[in-house]
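K.L.:
Mind looking over this structure? Questions follow.
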Amino acid sequence: RSHPSAEDIYRSVRKEFPTMSVSTVYNTLDVLKENGDVQELTIDPRKKRYGPVNTPHNHLMCNKCRHIVDINKEFKFTLPSSMTEGFELTGNHVEFFGFCSNCRKKQ
């Protein structure tokens, strides 16, 4: 599964590391995030997701199954200077929401 939550990661490793706690997963993710090795995604309001730090990209999330897809296209916006007064813009992030083909078939 792409963009797993801490709980997803814990479930996938607990068979191989039965003494590991979910707290260890959260702590490890915090260290990886601080080191710039993973990014925390806030696209899903139900839970934090994590992904690799790679080239800038955006996300598309299914409203039903919560599957997240990377969109490797840059979207550039120009904001009026009155809105950005005092800021030096360094980038943006766009999130798209909809229904994936699997969930649409089930409707």
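K.L.:
Between THR19 and GLN39, what's the calculated FRET efficiency when r is the beta-carbon distance and R0 is 35 Å? Round to 0.05.
P.N.:
0.80
K.L.:
To the nearest whole percent, what portion of all C-alpha pairs in the chain is separated by more than 20 angstrom?
P.N.:
It works out to 54 percent of all Cα pairs.
K.L.:
Would you pull out the residues with amide H under 5 Å of ILE71's amide H, same chain only if 5 or more places away, H placed 1.01 Å from N?
P.N.:
Placed amide hydrogens put ASN58, HIS59, LEU60 under 5 Å from ILE71.
K.L.:
Same structure again: Taking loop as defined by DSSP and a crowding limit of 10 other beta carbons within 10 Å, which trypsin sites (Lys or Arg not before Pro) in the range 1-93 fit?
P.N.:
Here the trypsin sites (Lys or Arg not before Pro) that fit, given the DSSP loop and packing criteria, are LYS15, ARG46, LYS73, LYS76.
K.L.:
Per-residue ellipticity at 222 nm for the chain, helices alone: DSSP H runs ≥ 4 residues times -39500 (n - 2.57), over residue total, nearest 500 deg cm²/dmol?
P.N.:
After summing the helix terms and dividing by the residues of the chain, the value is -7000 deg cm²/dmol.
K.L.:
Send over the semi-axes of the range 55-107's equivalent ellipsoid, whole angstrom and largest first, taken as the square roots of 5 times the C-alpha gyration tensor eigenvalues.
P.N.:
32, 12, 8
K.L.:
Find which of VAL25, ILE9, ASN35 sits farthest along the positive direction of the dipole of the range 1-53, computed with +1 on the beta-carbon of Lys and Arg, -1 on that of Asp and Glu, about the Cα centre.
P.N.:
So the residue furthest toward the plus end is ILE9.
K.L.:
Looking at the range 1-53, I'd like the Rg to Rh ratio, where Rg is from alpha-carbon atoms and Rh is Kirkwood's inverse mean 1/r.
P.N.:
0.96
K.L.:
Tabulate in residue order the Karplus-calculated ³J(HN,Hα) for the range 13-20, using 6.51 cos²θ - 1.76 cosθ + 1.60 with θ = phi - 60°, rounded to whole Hz; enter x for Gly and Pro.
P.N.:
Rounded to whole hertz, the list is 10, 5, 5, 7, 10, x, 8, 6.
K.L.:
Would you mind working out the magnitude of the charge dipole of the range 58-107 relative to its Cα centre, with +1 at each Lys and Arg C-beta and -1 at each Asp and Glu C-beta, to the nearest 20 Debye?
P.N.:
640 debye
FYI, it's all coordinate maths here, none of it is from the lab. Computed from a predicted structure; not experimentally measured. All Cβ positions, even for glycine, are placed from backbone atoms using ideal geometry, and neighbour counts span all protein chains on display.
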